[in-house]
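Peer 1: Quick one: the structure is below, and I'll ask about it shortly.
The values are calculated or read from the model by the stated rules, or taken from the named source; none is laboratory data. Just so it is clear, the structure is predicted and the values come from calculations on it, not from any experiment. All Cβ positions, even for glycine, are placed from backbone atoms using ideal geometry, and neighbour counts span all protein chains on display. Heads up: the accessible areas ignore ligands, DNA and RNA and are worked out on the full protein's heavy atoms, side chains in. Shrake-Rupley method; radii C 1.70, N 1.55, O 1.52, S 1.80 Å.
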Amino acid sequence: MFKKIFFLFLLLSMAACSKVPAGNVGVKVNLLGSEKGVDVQTLSPGRYYIGWNEQLFLFPTFTQNYVWTKDSREGSEDDESIGFQTKEGLVVNADFGVSYHVVGDKASITFQKWRKGVDEITDVYLRNIVRNSLVNTAASMSVESVYGAGKVEMMKTVNTEVANAVREFGIEVESVYMIGEFRLPESVTAAIELKIQATQKAQQRENDIQTATAQAKIAEAEALGRAKSVTIEAESQANANLLMAKSLTPELVQYEMAKKWDGKMPVVSGGATPMVNMDSLVREQPVPVAK
């Protein structure tokens, strides 16, 4: 009989033991009495006795990733997407996600802040903090900025605000990110896309004009270079001709012709005899002396 009682007590004791798995920390909560609240000591991985008036909450210290989407196949079966308004009052809806982890030695602070487990903290409180940051940030932005160039800056601001809001309570937010695209009324999306296309075409025309202007300047420079080259060549040739003309005298011409003459009269078309300055030739030839 004693053995049966001991065995039963052992089974009950084992049943009252709870496990804190690796990668988690535990927070033991007193549910009744004047000591109701959170134990000062955080429980590291291992097995612990949890009494009938106590409850163990587990907080993972590894990175958690949760998404709030419209798609029932992700996150929750409910629509958890987040909506906010731009400065024009236009409602924008999108899916968002968060990556975070609980700091192990601050798990009791995390529980004391929200009095909930990690799932409830993620689904309710952390989501509300992200949504409020989105609402406050987008309220001063135009829909075109949110939809386009300002999206990166908006998410950077949300990341910083959310991380700062929960850090002191033992949660380190690694990233708040958007999933997919913003959901806008079709008419607004079409108008924005048309404006973007018009801006892109205008920019392309400006680029074409700049390219054509640059090409024209290059062609003009090349033409000026060629003209200058021709002018320099012509001036050089003219100077050479002028110098040559100044150096040529009738006597020099006749002398050069006489040196190359073979003694025969040149024959030209029509039987004419070329003009020869005989006086200069006679002057150049030696006068015979009678013997």
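Peer 1: Could you look through the stretch 25-38, keep only residues that are open to solvent by less than 30 Å² (accessible area, probe 1.4 Å) and of a type outside the set (A, V, I, L, M, F, W, C), and pick out the one that is modelled with the highest pLDDT?
Peer 2: Per the stated criteria, the residue is 26.
Peer 1: In addition: Residues that are open to solvent by 60 Å² or more (accessible area, probe 1.4 Å) and modelled with pLDDT of 75 or more: find the helices (runs of 4 or more DSSP H) completely inside the stretch 176-291 holding 1 or more of those.
Peer 2: 186-247
Peer 1: Further question on the same structure: Just to be sure, is residue 41 open to solvent by 40 Å² or more (accessible area, probe 1.4 Å) and either of a type in the set (D, E, K, R) or at pLDDT 85 or above (or both)?
Peer 2: no
Peer 1: Separate question: Just to verify a result, which residue in the stretch 73-111, among those that are aromatic (Phe, Trp, Tyr) and in contact with a helix residue (DSSP H, G or I) (Cβ under 7 Å, 6 or more places away or on another chain), is farthest from residue 24 (Cα to Cα)?
Peer 2: 84
Peer 1: Another question, if that's okay. Would you pick out the residues in the stretch 126-157 that are farther than 21 Å from residue 103 by Cα and among the β-branched types (Val, Ile, Thr)?
Peer 2: 135, 137, 143, 146, 152, 157
Peer 1: For the stretch 49-67, state whether one or more residues are at pLDDT 90 or above, under 25 Å from residue 171 (Cα atoms), open to solvent by 20 Å² or more (accessible area, probe 1.4 Å) and in contact with a Pro (Cβ under 7 Å, 6 or more places away or on another chain).
Peer 2: Checked against the condition, which is being at pLDDT 90 or above, under 25 Å from residue 171 (Cα atoms), open to solvent by 20 Å² or more (accessible area, probe 1.4 Å) and in contact with a Pro (Cβ under 7 Å, 6 or more places away or on another chain), the stretch 49-67 yields no hits at all.
Peer 1: Follow-up. From the list 128, 159, 93, 136, which residue is part of a strand (DSSP E or B) and among the polar types (S, T, N, Q)?
Peer 2: 93 is the lone residue from the list that is part of a strand (DSSP E or B) and among the polar types (S, T, N, Q).
Peer 1: I'm trying to understand the selection: among the residues of the stretch 82-94, which are under 23 Å from residue 173 (Cα atoms) and without any contact (Cβ under 8 Å) to a residue 24 or more places away in the chain?
Peer 2: 83 - this is the single residue of the stretch 82-94 that is under 23 Å from residue 173 (Cα atoms) and without any contact (Cβ under 8 Å) to a residue 24 or more places away in the chain.
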